[in-house]
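No value in this document is a laboratory result; all are computed from the given coordinates. Since the structure is predicted, the reported quantities are computational estimates derived from the model, not experimental observations. Neighbour counts run over all protein chains shown; Cβ positions are idealised from the backbone, glycine included.
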Amino acid sequence: MAGLRIPPFITRQGRGTDDRWPLQDFLELGALLSAVPCARLHARQVLREWGIAGVADSAGLLVTELVANAVRASRGMAQVSGVVQVWLLSDAAQILILVWDASPQPPVLKAVADEAEHGRGLRLVEAVSEQWGWFSREDGDGKFVWAIARLCPFPVTAIPGR
């Protein structure tokens with residue numbers, strides 16, 4: 001896919017990106033609060049087009065939390081790059097969501113009081129995703145935070161007794 005910028009760790013699996021992740025999408029947004037709903041709606045639409053709308057709710061939540069954290073991290077820097085980048089990649093079994101922001105600081109799981117209004121984003125990512133993590137770019141320019149959501153192995157209508 002011309003112009004698609006895939007983070008390096010995806011291509012180091014001994015195969016080309018098309019072999020491992022045949023469905024790929026990239027979106028670049030300004031590091032603005034409005035980027036969060038734009039990214040969520042974009043992800044939901046892409047998943048519908050790919051025919052995997054069944055994972056849209058969990059993927060939408062993951063995109064929401066990861067992009068919100070990326071916007072917050074980028075806006076908190078003295079020299080803001082002004083953008084966050086979102087990749088959606090899928091094979092037949094899972095969707096990988098990657099979000100890049102300009103801050104080199106790692107994401108932090110916070111202990112949050114029950115009455116707190118903020119700070120639960122990564123806890124939600126941890127609860128909804130199969131796994132998640134982060135890594136710094138090789139040139140030290142920002143970081144990627146990623147999460148994997150597993151697709152349902154069979155349609156809900158195929159469950160016996162339904």
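Overview of values
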read-out	value
Convex hull volume per residue in cubic angstrom - Cα atoms of region 63-113	106
Segment Asp57-Glu138, extension gain: residue separation times 0.36 nm, minus the distance between their alpha carbons	25.9 nm
Cut-off 15 Å between beta-carbons: net charge of the residues surrounding Gly82, Lys and Arg +1, Asp and Glu -1	-1
By average C-beta atoms within 10 angstrom, highest first, the peptides 120-128, 87-95	87-95, 120-128
Inverse mean reciprocal Cα-Cα distance (Kirkwood Rh) of region 23-152, Å	14.7
